[in-house]
Amino acid sequence: MTLAVFLPFLFAALCAWLGTRLERRTGYVAALAFVPALLLALPLSGMPGASPALEVTRWVPTLGLALAFRGDGFSLLFAVLIGVIGTLASLYAVAYLSERERFGRFYAYLLLFGGSMLGLVLSDNLVVLFGFWEMTSVTSFLLIGLWHTRSAARDGAVKAFLVSALGGLALLAAVALLGIAGGSTTLSGLDVEALRASPLFTPALLLTLLAAFTKSAQLPFHLWLPTAMEAPTPVSAFLHSATMVKAGVVLVAKFGLLFGSSPLWGGIIVPVGLATLVWGAWIALRQTDLKALLAYSTVSQLGLLMSLYGLADAEGRFTATAHLLNHAAFKAALFFVVGIIDHETGTREVPRLGGLRKAMPLTFAAALLASLSMAGVPPLGGFISKELFYEAMLHRGPVFIAVAVLGSALTFAYSFRLLRVFWGPPRHPPGAEPHEAPPGLLVPAGLLALTALAFGLLPGSAEALTRTAQNALNFATHRGHLKLWHGVTPALLATLLTWGLGAVLIGQAAQVGVLGRRLTPRVNANTVYYALTEGVNVLSSRLIARTQGLALPDQLRIMLGAAALIAGYAVWRAPQVFHPVGTPPLALLPVAALLVAGAVGVLLARSRLTAVVVTGLTGFGSAAAFLALRAPDLALTQLLVEAVTVILFLLVFRSLPRSRDLPRTRWRYALDLLLAASAGLGATLLVLAGVRFLAPPISPYYLANSYRLGGGRNVVNVLLVDFRGFDTLGEITVVGMVALAVLGLVRLGKKGRAPGGGAPTPVPATPGEKEEA
Amino acid sequence: METLFALLIGLLIGTGVFLLLSRVIVRVVLGLSFITYGGNLAILTVAGLREDAPPLLTLRGPYVDPLPQALILTAIVIGFATTALLLTVALRAYQVAGHDDVEAFGDNLARDPEAEDGLIADPEHQGPDRPDPEEPRTLVYSARSPGGGEP
């Protein structure tokens with residue numbers, strides 16, 4: 001199992017590398033990556049009786065993280081399903097893709113996705129499960145946005161990612177809650193009793209549902225699935241029929257064993273699933289683009305699966321698993337068929353197509369089998385699972401069966417709409433001569449269509465497959481069987497009613513179309529999505545324009561104001577503990593006077609020369625303070641730096657304009673005074689609160705070892721060059737870089753003007769330039 | 001003693017912030033210098049001011065804490081580098097823009113709120129299954145709002 005999950009990832013790298021050499025034949029290599037997944041069918045055959053296998057690779061034991069793969073019947077069944085569809089999609093793509101496609105990237109993404117999906121269904125560790133869940137979101141983002149030069153593909157990819165990432169966050173929270181409440185990070189190790197008793201049960205349930213609904217495109221999160229069809233058709237077949245969108249269904253199926261006891265679980269899932277069934281089918285009926293039709297059909301069928309798993313009883317799980325298999329077979333086949341039609345005629349628009357039956361009889365046969373299975377017509381697999389669906393809904397009540405019949409009638413109708421392109425007078429876009437597809441396209445479609453037929457003609461085969469999951473999903477006690485003829489039952493009568501309704505819908509297509517247009521709500525999930533994203537976009541743009549676009553002082557004011565508010569709140573919440581004041585030694589008073597004089601002087605200075613000189617006063621003052629505070633090295637450095645700085649200022653002044661008075665507006669002046677005062681106050685409080693806060697200091701170590709290890713008696717120097725040598729090296733680097741930058745800027749100024757700049761008149765270099773008083 | 005220095009540091013930082021908010025470039029640079037002074041003194045003060053000997057082992061102990069001194073030594077030099085760089089940038093800004101008014105420098109990084117992002121995916125009509133369409137897509141896309149049309 002571990003191999004099955006990781007081989008696709010390895011092959012993804014291989015395909016990315018081989019893509020430019022093998023071109024489209026990379027697909028054959030890609031198909032090989034699914035071999036271990038297909039081999040999982042062998043342990044599956046013994047599944048109804050055997051106990052699940054567990055493969056654990058330790059990863060981060062302290063966090064309870066382990067790559068635990070649990071091969072129970074359901075997981076293995078699904079993994080084989082992914083393997084089969086993945087292989088077929090890879091092979092189909094070989095014949096399907098355009099010459100201009102970048103094959104390496106395409107197959108790499110496809111395999112990354114396949115591997116993530118396998119990991120998702122096989123994972124037993126909840127955290128790892130979440131990881132794979134997110135990886136399917138990311139890789140499907142890459143696949144949908146494969147043709148990233150198209151803005152529509154980007155849009156579809158972003159939409160799919162945003163919606164499924166929302167669900168991913170919910171799943172993360174749910175996994176965390178489950179881990180806390182259930183006392184284990186593995187799905188099979190959760191303490192179900194403790195979980196049910198825990199107050200975290202309901203939040204975890206709701207979050208899990210949110211994750212499942214977003215991933216499986218349930219109302220109102222179905223918006224991303226149709227636009228995700230911007231990906232190439234083989235990808236659509238893989239992602240959106242068989243695997244990714246079923247991840248949510250898998251989640252509901254597996255977690256249903258934990259949550260199913262709660263009435264909330266079925267109480268939410270079943271109505272949402274049924275609503276999605278009907279709504280998806282209703283919209284699918286109105287589509288003219290075949291791929292869009294299939295997309296909405298998938299939404300609808302996922303609703304059906306959801307509602308069945310949501311029943312959380314043995315019958316529901318049995319029926320859902322059977323339908324899961326049927327759906328994978330017929331839906332992937334239909335995607336392949338639509339791909340063939342698109343490939344041969346260049347369009348998927350129903351009104352532009354007709355009479356393809358004669359030109360492509362084999363494609364027609366595959367389409368017929370798959371569509372009839374979807375419509376629920378005997379003797380195909382879809383019929384049987386639909387009958388069981390009716391049975392299950394009959395047990396729930398009259399409302400449920402009514403909704404189910406309505407949804408199925410709509411399904412029946414759109415299935416025939418899909419087939420319409422094969423009947424009637426021959427019609428196709430000019431320039432295209434439709435003829436039978438090459439075997440590379442036909443075989444995958446045909447195989448799946450025949451599977452749909454086999455599930456119907458030999459119900460035993462489908463039942464055997466379904467039964468493999470009976471222990472994992474806890475429906476071993478259910479006595480139901482898959483049969484084509486099960487007598488005249490209410491379910492059969494409901495089926496007849498469905499066909500009648502469906503026939504009416506087909507016959508009155510024009511009126512239905514009018515009704516459909518009239519019933520289309522002006523506000524749907526898509527418009528809400530665009531309103532939201534657009535709103536966020538505009539809001540952030542406006543916010544940035546208001547804050548980031550400002551001149552430097554205003555930006556600083558905003559930042560300082562925010563800092564003042566936050567720090568003020570902190571001071572208010574935690575009143576500081578002041579240290580004893582102590583009498584200031586008289587020797588320090590002149591130093592203090594120097595500092596104060598400098599600060600006050602610079603505020604009062606009208607000329608910039610005075611300001612610089614007064615600043616120098618403060619600099620010398622702080623050097624004096626260092627001296628008084630027993631830091632001779634600092635005093636020396638400060639003095640030197642101060643002297644150089646003043647010289648630097650004077651040098652620059654030669655080239656700067658005469659100083660002007662640039663007054664601030666009155667409210668800005670007040671605001672600045674306030675900000676400066678609060679900054680000063682904040683600094684004072686911080687220093688008072690921080691005095692001797694960091695005890696015990698590391699300094700005694702330096703004092704003791706300075707001579708022994710560094711061979712120097714000036715501890716500060718030894719610290720800088722020995723103990724913290726790298727720090728000093730970094731400092732030197734900074735100074736060096738600044739020197740280079742200064743040099744560059746200065747030379748730039750000499751040579752010429754920057755483009756677009758104003759034309760400053762070089763100020764004559766008169767040393768005694770007069771300053772404004 | 002710490003209290004006195006805390007007040008002094010507050011004064012220096014406050015002065016620095018006030019200068020930093022000024023419109024004249026040179027004052028902004030001076031403001032940064034004041035903040036540097038305040039910061040350096042703060043490091044020293046927070047470590048505790050004591051009347052011990054300087055950390056020169058030739059003298060008799062006990063010694064004051066050498067670590068903050070080492071930190072400040074680095075800080076002084078970095079502060080000087082910053083000042084030098086800022087001054088040069090100010091000079092260059094003046095040469096390019098022709099004035100030294102900080103408030104006149106502003107740059108709007110925001111995306112134009114009215115700008116179009118391009119076509120949005122239409123659930124009812126997907127794009128053709130070709131990597132890069134040679135010609136623009138001919139299908140009509142629904143606009144963001146159901147009312148407006150977008151070619």
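Work out the FRET efficiency for residue A:705 and residue B:130 from their Cβ-Cβ distance, taking R0 = 60 Å, and round it to the nearest 0.05.
My answer for the efficiency is 0.25.
Roughly how many debye, to the nearest 20, is the charge dipole of the protein assembly as shown about its Cα centre, given +1 on each Lys and Arg Cβ, -1 on each Asp and Glu Cβ, and no other charges? Walk me through the numbers before you get to the answer.
Working: 65 positive and 53 negative charges, 122 e Å.
It works out to roughly 580 debye.
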Along chain A, longest interval not containing exposed trypsin sites (Lys or Arg not before Pro), exposed being DSSP loop plus at most 16 other Cβ atoms within 10 Å: A:103-478
Just to be sure I understand the model, the point goes 7 Å from the Cα along the line to the Cβ. What's the resulting residue A:698 to residue A:191 distance in nm? 4.3
Out of A:441, A:323, A:400 - ranked by how far each Cα lies towards the positive end of the dipole of chain A, with unit charges on the beta-carbon of charged residues - the top one is A:441
Inter-label distance, nm, simple model (7 Å from Cα along the C-beta direction), residue A:544/residue A:32: 4.6
Pick out, from A:688, A:412, A:646, the residue whose Cα sits farthest towards the positive end of the charge dipole of chain A, with +1 on the Cβ of Lys and Arg and -1 on the Cβ of Asp and Glu. A:646
Of all accessible heavy-atom area on the range A:88-154, the percent that carbon and sulfur account for (1.4 Å): 68
Beta bridge orientation in the protein assembly as shown: antiparallel %, DSSP, nearest 5: 95
Chymotrypsin sites (Phe, Trp or Tyr not before Pro) within the range A:500-579: DSSP coil, no more than 13 neighbouring Cβ in 10 Å: A:578
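Of all the accessible heavy-atom surface of the range A:689-743, with the other protein chains kept in place and a 1.4 Å probe, what percent is carbon and sulfur? Can you show the working numbers first?
Details: 2360 of 3380 Å².
Answer for the range A:689-743 is 70 percent, counting heavy atoms of protein chains only.
Using a 10 angstrom Cβ neighbour count of at most 16 plus a DSSP loop assignment to flag exposed GluC sites (Glu not before Pro), which longest range of chain A is free of such sites?
Values: sites that count: A:99, A:436, A:769, A:771, A:772.
The longest such stretch corresponds to A:100-435.
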Can you tell me how much longer the chain between residue A:100 and residue A:461 gets when fully stretched, taken as 0.36 nm per residue apart minus their C-alpha distance, in nm with one decimal? 125.8 nm
Leaving out ligands and nucleic acids, and using a 1.4 Å probe, what accessible area per residue does the range A:185-305 come to in Å²? 20
Take every Cα pair under 8 Å in chain A that's 6+ residues apart, average their separations, divide by the length, and report that relative contact order as a whole percent. 9
Could you give the nm distance between label points at residue A:673 and residue A:527, where each point is 7 Å from its Cα heading toward the beta carbon? 5.5
Per residue accessible area of the range A:94-143, 1.4 Å probe, in Å²: 23
Which FRET efficiency value, to the nearest 0.05, is calculated for residue A:17 and residue A:433 with the Förster distance at 41 angstrom and r the Cβ-Cβ distance? 0.60
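Heavy-atom accessible area per residue, the range A:352-477, 1.4 Å probe: how many Å²?
Values: 4790 Å² over 126 residues.
Heavy-atom accessible area per residue stands at 38 Å².
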Considering only protein heavy atoms and a probe of 1.4 Å, how much of the accessible area of the range A:308-429 is carbon and sulfur, as a whole percent? 67
Just how far, in whole angstrom, is the range A:205-241 from the range A:139-189 if you go by their alpha carbon centroids? 10
Answer with one residue from A:500, A:161, B:34: the one whose Cα lies farthest towards the positive end of the charge dipole of the protein assembly as shown, charges on Cβ with Lys, Arg +1 and Asp, Glu -1. B:34
How much accessible area is lost when chains B and A come together, counting both sides, with a 1.4 Å probe, in Å² rounded to the nearest 100? 11200
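Place a +1 charge on the Cβ of each Lys and Arg in the range A:632-682 and a -1 charge on the Cβ of each Asp and Glu, then give the dipole magnitude about the Cα centre in debye, rounded to the nearest 20. Write down the numbers at each step before the final one.
Details: 6 positive and 4 negative charges, 92 e Å.
Rounded to the nearest 20 debye, it is 440 debye.
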For a label point 7 angstrom out from the Cα of residue A:562 toward its Cβ, which stretches of the range A:534-548 have the backbone nitrogen within less than 13 Å? A:543-548
If you average the alpha carbon positions of the range A:340-399 and of the range A:84-126, how far apart do those two centres end up, in angstrom? 25
Under 28 Å between alpha carbons: how many lysine pairs meet that in chain A, if sequence neighbours fewer than 8 apart on the same chain are excluded? 27
Would you be so kind as to list the residues of the range A:710-725 that have their accessible area lowered by at least 10 Å² in the full protein complex compared with their chain by itself (1.4 Å probe)? A:713, A:714, A:715, A:716, A:719, A:720, A:724
How much of residue A:559 can a 1.4 Å solvent probe reach, expressed as accessible area in Å² and rounded to 10? 120
Place a label point 7 angstrom from the Cα of residue A:509 along the Cα-to-Cβ direction, then list the residues of the range A:345-360 whose backbone nitrogen is under 12 Å away. A:350-355
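The values are calculated or read from the model by the stated rules, or taken from the named source; none is laboratory data. Keep in mind it's a predicted model, so treat the numbers as computed, not measured. Reconstructed Cβ throughout: ideal geometry from the backbone, glycine too, with neighbour counts over all protein chains shown. Surface areas here come from the heavy atoms of the whole protein model, side chains and all, with no ligands, DNA or RNA. Shrake-Rupley method; radii C 1.70, N 1.55, O 1.52, S 1.80 Å.
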